[in-house]
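A.B. asks: I have a structure I would like to understand better, so I am pasting it below and will then ask my questions one at a time.
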Amino acid sequence: MKHTGADTRIGGASGKFPATRRSAVLASSSPEPQERRQALEKIGAAYWKPVYKFIRMRWTLSNEDAKDLTQAFFARAIEKEYFKAYRVDKGSFRTFVRTCVTHFVVNESKYASRLKRGGATDRISLDDTAEPAGADLEEVFEKEWIRNLFELAVEDLRAVCVSRDKQCHFQIFERYDLQHTDSSYADLAAEFGIAVTDVTNYLAWCRREFRRLIMERIRQITANDEEFRREVGVVLGKKA
Amino acid sequence: MTISDKAINRLRDVVYEPDLSGTRYRITGVAGHGGMGMVFEAEDTTLHRRVALKVIQPAEAFLDQNAFDRLLDEARILARLEHPGIVPVHDAGVLPDGNVFYTMKFVQGERLDVYAAGNSSVSDLLRVFQKLCDAVAFAHAQGIVHRDLKPENIMVGMFGEVLVMDWGVATILNGRREPAGTIVGTPEYMAPEQASGAVHEVDKRTDVFGLGAILQFLLSDKKVPRSLRAVAAKAKAASPAQRYGSAVEVAADIQRHLDGVPVEAYRENVIERSARIIANNRMAFALIAAYLLMRVLVFFLLNR
């Protein structure tokens, strides 16, 4: 009973998020400075690590050089309003960011090359702008982006648990779902001094919250419902 | 904190799997996913039988507060449609996590597109198609339009039974309607009035278009007479007024073709008409030909 053919499409004419769920991608070009700053912070949180890893692997840079370039990229993106140029009909925001990073680093390397001719040192060789053989960098970028989103959502969950005095919930979630202990529900119940049904309920609560939080994170970095659905499929993996 | 690949995979599973604690169902596998819902293979631990359990996809539940109501509407629509050609619903309810679910018969068989890709003959495919028309006509008689008829939503069972699945975007005629501009369906099988979001124009002829598109798909790589292709073309005419008025009329025209009489959708020329009459009366024409041949032989023998 598989349904893997052409997908049924459900959506309105506008295909936009409700106003209460403003996308950070859209808000990043808001004329309101406060909203724009908050949106760029959210985009930075979701992309700093994957961009850093991508730069480091793509141009085989040292840790410090890659960090400097990543920082420089986000500073330039904010200054020059790179993200304003994103068009959702041209592809995902994730692909757009990766393309921006590549262009940025190539331009940087050209600049560095000119400095080198004037006596300065070059961090990136222009020869290195070709794709290294054997490495699927797009996959690396996507994988790091996914991992980062999971990490952010877990941290969000931890913060929610602390704010609601549910630290025990989080500890059980951490032990059972994140660390893969061999402990059974009964073992965890004995260790934490709670009933087995509490372990079941705490885990169910944390998983439900985690689902909501990771969806929130994905929603922030997508521009409309269609892109959101697509990226949920990428982050959470297609079932069946 | 850094999360391992193993932890990511585990979290992916727990995000998708519905919380069935406190219910009589146990997940045994994933059956498939459509536009709105996910279908799991599950065991009904009370009745000891395999069922298909449908819930809303996490992304849809997140985006649309009404998604749960829509799934419940779908279960209620299925409950109204007791017909051998429509998958029967067993149960519906709300899970501990607030997610709505319903269970239905687990259909063993092949999707129509897979079935058609096999070695099925044209007459076999037409038989399946007629059963499909019957099920759709029954739904229309109950005032329900499927709106997403496509080969992927039709199952052909192990005993030749044909079941229409996925009533997730079905609508009740003269009932609650989506606002104008709402577009549901699958582009290749979607009637123009549906694709343009003109919901007030959607009626049973919208499904007739879907039937026409399915018939066209079934015949796409087969050698068939023009009259049969004309049936598909008439069913999926751009204007609803130019289509068959109902699924019953489509099935009736297919039956005319099978009976060897002219179909409504096609005006044959003299040659085609003669070829059809000869094909339908092969035995009589063979006897006449043999008789004439014998007369000719006798004539020559007597006048030698």
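A.B. asks: Take the conditions among the basic types (Lys, Arg) and either more than 9 Å from chain B (Cβ to nearest Cβ) or buried (at least 21 other Cβ atoms within 10 Å of the Cβ) (or both) and apply them to A:ARG208. Does it pass?
C.D. replies: So A:ARG208 does not fit the description; no.
A.B. asks: Considering only the range B:1-60, state which residues are facing chain A (nearest Cβ under 10 Å), under 17 Å from B:GLN108 (Cα atoms) and either of a type in the set (D, E, K, R) or part of a loop (DSSP other than H, G, I, E, B) (or both).
C.D. replies: B:GLU41
A.B. asks: Can I ask one more? Does A:GLU191 fit the bill of being over 22 Å from A:ASN148 (Cβ atoms) and either in a loop (DSSP other than H, G, I, E, B) or within 14 Å of chain B (Cβ to nearest Cβ) (or both)?
C.D. replies: For A:GLU191, the condition - over 22 Å from A:ASN148 (Cβ atoms) and either in a loop (DSSP other than H, G, I, E, B) or within 14 Å of chain B (Cβ to nearest Cβ) (or both) - is not met.
A.B. asks: On the given criteria, is A:VAL140 over 14 Å from the mean Cα position of the chain (by Cα), away from every other protein chain (no Cβ under 11 Å) and among the aliphatic types (A, V, I, L, M)?
C.D. replies: Judged against the criteria, A:VAL140 is not a match.
A.B. asks: For A:PHE228, state whether it is facing chain B (nearest Cβ under 8 Å) and farther than 20 Å from A:THR95 by Cα.
C.D. replies: no
Results for (1) assigned to a loop (DSSP other than H, G, I, E, B); (2) under 24 Å from B:ARG49 (Cβ atoms); (3) touching a Ser or Thr at 6+ places or on another chain (Cβ under 8 Å), shown as yes or no for each residue.
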| position | (1), (2), (3) |
| --- | --- |
| B:ASP124 | no, no, no |
| B:GLN130 | no, no, no |
| B:ASP134 | no, no, no |
| B:ALA139 | no, no, no |
| B:GLU152 | no, no, yes |
| B:MET155 | no, yes, no |
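A.B. asks: From B:PHE40, B:PHE106, B:PHE62, grab the single residue that is in contact (Cβ under 8 Å) with a residue 40 or more places away in the chain and aromatic (Phe, Trp, Tyr).
C.D. replies: Residue meeting the stated conditions: B:PHE106.
A.B. asks: Of the residues A:THR181, A:THR197, which single one is surrounded by fewer than 19 Cβ atoms within 10 Å (Cβ to Cβ), within 13 Å of chain B (Cβ to nearest Cβ), polar (S, T, N, Q) and not in a helix (DSSP H, G or I)?
C.D. replies: A:THR181
A.B. asks: Let me ask you something else. Considering only the range B:87-103, state which residues are over 14 Å from B:GLU161 (Cβ atoms), touching a residue at least 40 places away in the same chain (Cβ under 8 Å) and part of a loop (DSSP other than H, G, I, E, B).
C.D. replies: Residues satisfying the conditions are B:LEU95, B:PRO96, B:ASP97, B:ASN99.
A.B. asks: Given the criteria within 23 Å of the chain's Cα centre (by Cα) and either crowded, with 20+ Cβ neighbours inside 10 Å or outside the structural domain of B:THR186 (by TED's automatic domain parsing) (or both), does B:GLN57 qualify?
C.D. replies: Spelling it out, B:GLN57 is indeed within 23 Å of the chain's Cα centre (by Cα) and either crowded, with 20+ Cβ neighbours inside 10 Å or outside the structural domain of B:THR186 (by TED's automatic domain parsing) (or both).
A.B. asks: Before we move on, is B:LEU47 crowded, with 21+ Cβ neighbours inside 10 Å and under 21 Å from B:VAL89 (Cα atoms)?
C.D. replies: Answer is no for this residue.
A.B. asks: Scanning the range B:109-155 for residues that are of a type in the set (Lys, Arg) and surrounded by fewer than 22 Cβ atoms within 10 Å (Cβ to Cβ), which turns out nearest to the other protein chains (Cβ to nearest Cβ)?
C.D. replies: Only one residue fits best here, namely B:LYS131.
A.B. asks: Something else about it: Cβ-Cβ under 8 Å, sequence separation 6+ or interchain: first residue in the range A:146-163 and part of a helix (DSSP H, G or I), partner among the small types (Gly, Ala, Ser). Which pairs?
C.D. replies: A:ASN148/A:ALA46; A:LEU149/A:ALA46; A:PHE150/B:ALA7; A:LEU152/A:ALA45; A:LEU152/A:ALA46
A.B. asks: Can you give me the ranges of the helices (runs of 4 or more DSSP H) entirely in the range B:244-304 with at least 1 residues that are within 30 Å of B:THR206 (Cα to Cα) and assigned by TED's automatic domain parsing to the domain that holds B:ALA230?
C.D. replies: Of the helices (runs of 4 or more DSSP H) lying wholly inside the range B:244-304, those with at least 1 residues that are within 30 Å of B:THR206 (Cα to Cα) and assigned by TED's automatic domain parsing to the domain that holds B:ALA230 span B:247-259.
A.B. asks: Taking the stated definitions as given, is A:CYS168 at pLDDT 95 or above, more than 13 Å from every other protein chain (Cβ to nearest Cβ) and surrounded by fewer than 16 Cβ atoms within 10 Å (Cβ to Cβ)?
C.D. replies: yes
A.B. asks: Take the range B:69-94 and flag every residue that is under 22 Å from B:ILE27 (Cα atoms), surrounded by 18 or more Cβ atoms within 10 Å (Cβ to Cβ) and within 14 Å of another protein chain (Cβ to nearest Cβ).
C.D. replies: Once the filter is applied, which keeps residues that are under 22 Å from B:ILE27 (Cα atoms), surrounded by 18 or more Cβ atoms within 10 Å (Cβ to Cβ) and within 14 Å of another protein chain (Cβ to nearest Cβ), the range B:69-94 yields B:LEU71, B:GLU74, B:VAL87.
The values are calculated or read from the model by the stated rules, or taken from the named source; none is laboratory data. Everything numeric here is computed off the predicted structure, so don't read it as measured data. Neighbour counts are summed over all protein chains in view; Cβ atoms, including those assigned to glycine, are modelled from backbone coordinates with ideal geometry.
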